[in-house]
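Asker: One structure, as structure tokens, below. Some questions next.
The values are calculated or read from the model by the stated rules, or taken from the named source; none is laboratory data. None of these values were measured; they are calculated from a predicted model. Areas reflect the complete protein model, heavy atoms only, side chains present, ligands, DNA and RNA absent. Shrake-Rupley method; radii C 1.70, N 1.55, O 1.52, S 1.80 Å.
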Amino acid sequence: MDSSTAVAEAKDHSALGEQQDNTLTLEYWHKKWEMHDIGFHQEHGNKFADLGYSVVGVEISELGIREFFTEHNLSYLEESIAGISGAKVFKSSSGNITLYCCSIFDLPRANVGKFDRIWDRGALVAINPDDRERYAKLMLSLLEKGFHYFLITFSYDPTKFSGPPFYVPDSEVKSLFGSTCNIQCLEKADALKERHKKWGIDYFIEILYLFTEK
């Protein structure tokens, strides 16, 4: 390792430390939804349910869940979740979409079962860095045998933007999931938009991983 590489790694490590100090609360996300300041929100959703899958989602904002059903013109039922204070579950009348309104860390208490597919977009990169190991253990506990777990992370200069979305380096992805999963990087794509430039960064790479059972 030459001196320039050592300096770069030290700078990167320092920036990641700063991101770890940027602790977000659930109230932060509630306010984001109230202000409609949600950078990860897509105009067009992923059409998993339209392909015949039963879809389960988790969202802390009740407002966000209600807006989802309204935007897609879907009728739904809602009910409280026993044993989780303030939590609710929203189910489409068709029965193939179930959205839990609670902290992701409370989800196992709702007896959701296990899943053969997970689509992790805007989750790992949004939780507090200190909670990543806890989060990874939770997600791995929800997987069926023969699973496919898709994860999106983002690469940018963390010295210029403190997140969220937080920068999750490839080495940490492997540390969190590598003991249980085969990890394959499927794609790296330039995702830089004007809103990202306002963060002070000049590159923003979207990285798609596939995890499969070892």
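Asker: Gap in Å between the Cα centre of the stretch 74-109 and the Cα centre of the stretch 145-214?
Answerer: Spelled out, the Cα-based centre of one part sits 28 Å from the other.
Asker: Which entries in the list K88/K160; K145/K174; K88/K193; K91/K160; K91/K214; K88/K188 go over 29 Å, if you measure between the two C-alpha atoms of each?
Answerer: Exceeds cut-off: K88/K160; K88/K193; K91/K160; K91/K214; K88/K188.
Asker: Right, something else. Quick check: residue separation of T70 and N182 times 0.36 nm, minus the Cα distance between them. What number comes out in nm?
Answerer: 36.5 nm
Asker: Please work out the average accessible area per residue across the stretch 74-214, using the 1.4 Å probe convention, and give it in Å².
Answerer: Spelled out: the 1.4 Å probe surface of the stretch 74-214, per residue, equals 51 Å².
Asker: Let me ask something additional. In whole percent, and with a 1.4 Å probe on the protein chains, what portion of the accessible area of the stretch 95-173 is carbon and sulfur?
Answerer: C and S fraction of accessible area: 48 percent.
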